[in-house]
1. Just to verify a result, which residue in segment 261-293, among those that are small (Gly, Ala, Ser) and at pLDDT 90 or above, is nearest to Val88 (Cα to Cα)?
2. Only residues in segment 199-222 that are among the polar types (S, T, N, Q) count as the first member; pair them with residues that are surrounded by fewer than 16 Cβ atoms within 10 Å (Cβ to Cβ), Cβ under 6 angstrom, at least 6 apart or cross-chain, and list the lot.
3. Arg96 is checked against (1) of a type in the set (Lys, Arg); (2) assigned to a helix (DSSP H, G or I); (3) closer than 17 Å to Leu230 by Cβ and fails just one. What number does that condition carry?
4. Which of the residues spanning segment 124-160 are over 30 Å from Arg175 (Cβ atoms), crowded, with 17+ Cβ neighbours inside 10 Å and aliphatic (A, V, I, L, M)?
5. I need the full set of residues from segment 31-73 which are free of Cβ contacts under 8 Å to residues at least 12 places away in the same chain, within 16 Å of Gln119 (Cα to Cα) and not charged (D, E, K, R), in order please.
6. With the structure loaded, tell me whether Lys105 is modelled with pLDDT under 95, within 28 Å of Ser242 (Cα to Cα) and part of a helix (DSSP H, G or I) or whether it fails that test.
7. Are any residues in segment 123-182 assigned to a loop (DSSP other than H, G, I, E, B) and not aliphatic (A, V, I, L, M), and if so, which ones?
8. Which count do you get for residues in segment 57-74 that are under 18 Å from Val12 (Cβ atoms) and either surrounded by fewer than 18 Cβ atoms within 10 Å (Cβ to Cβ) or among the small types (Gly, Ala, Ser) (or both)?
Amino acid sequence: MNKLVFTPQATVFCGIDVSARSLAVARIGSDGSLAQREFANSAGGHKELLAWLAKCNTKVRVSLEATGIYSLDLALALDGEASIELAVLNPKLVNRFAQTLRRSKTDAADAVVLAEYGQRMPFTPWQRPLASHLRLRTVGRYIESLVVDQAGLKNRLRTAEGTATTPRAVLVDLRQALAALERRVAKMRREALELVRAEAALWERFRLLTSVPGIAEISALQILSELVLLAPTMTVRQWVASSGLDPAHQQSGTSLHKPSRISRAGNRHLRRALYMPALSAARNDPHLRAFYLALRSRHKTGLQALMAVARKLLHAIYGIFKSGTPYDGKLLFPNIQTAVESIAG
């Protein structure tokens with residue numbers, strides 16, 4: 001279980017700003033001195049970074065933001081070192097902390113902010129995910145990329161079929177490519193399902209997910225592949241924040257009052273996986289439909305109301321995972337009649 005550590009055990013604090021190709025690193029020594037370096041975000045660059053940190057000859061607390069595949073390999077490399085304490089942080093929390101420091105927005109400055117965050121804020125150790133969970137997440141995201149390619153190819157075929165100038169050879173090739181891609185998607189979904197079946201806890205969560213309105217097997221696989229790496233001690237509010245579905249308010253005095261929107265400071269893959277289930281649930285589940293219509297009656301846009309439904313779905317998933325019982329809309333919306341009456345009124 002994650003444990004907050006309020007008394008720093010480390011004497012050196014390191015922040016790493018991660019991008020696709022490089023790592024901007026800032027290291028604050030026990031005497032307050034600041035050293036900065038840049039390394040390649042590759043296996044070789046990770047080894048160089050570890051050698052540089054090893055020169056401290058003391059415990060080093062490393063803080064970096066969760067940036068998906070760009071940070072995962074680095075986190076795994078750092079976690080394997082006994083002299084390193086590792087925290088992988090929600091970017092939204094780091095951004096709030098950075099605003100208090102009023103620094104420039106550069107990779108080097110962001111690395112310093114992360115180092116200072118590790119020095120000043122309570123420490124939550126990163127939990128290394130199970131290898132089977134990493135495989136599921138990887139397969140899930142690969143399926144997502146294939147589905148995006150599939151949608152693009154369908155659009156190209158539809159466009160080609162809509163004009164008489166398209167040669168028959170092009171149409172045949174597009175149809176064959178689409179059929180091949182559909183077979184690949186189906187194969188990867190079977191692979192993901194086998195990974196889920198191989199672990200009793202994952203299979204039980206998959207079964208619970210399919211009890212939620214709007215979530216069938218395909219959506220359940222995508223959602224589970226994203227949720228599987230979340231720490232078991234996270235609260236539902238932390239789930240929502242990590243997905244980027246939490247509301248962001250823009251209000252200051254009487255001069256600034258913009259409509260609320262979701263923060264998007266989180267896992268876009270999870271948001272995408274929840275979109276179609278939210279759309280289906282808003283149409284077909286009486287509780288979530290009443291919630292959706294109540295928001296629309298309060299002049300929320302269709303997208304705002306739909307994202308609120310997605311957030312409610314995430315709350316429902318969290319609840320059924322914790323309780324081990326199938327979805328029950330009455331528990332999520334105990335006052336559905338009130339919502340219905342507010343719409344009618």
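1. The selected residue is Ala273.
2. Final answer for the pair search is Ser211/Pro326.
3. (3)
4. Within segment 124-160, Leu136 is the sole residue that qualifies.
5. Gly32, Ser33, Ala35
6. No.
7. Those that are assigned to a loop (DSSP other than H, G, I, E, B) and not aliphatic (A, V, I, L, M): Thr124, Pro125, Trp126, Gln127, Arg128, Pro129, Gly162, Thr163, Thr165, Thr166, Pro167.
8. Residues flagged as under 18 Å from Val12 (Cβ atoms) and either surrounded by fewer than 18 Cβ atoms within 10 Å (Cβ to Cβ) or among the small types (Gly, Ala, Ser) (or both) within segment 57-74 amount to 4.
The values are calculated or read from the model by the stated rules, or taken from the named source; none is laboratory data. Predicted model only: the values in this text are computed from it and were never measured. Don't worry about glycine lacking a Cβ; one is built from the backbone with ideal geometry, like all the others, and counts go over all protein chains shown.
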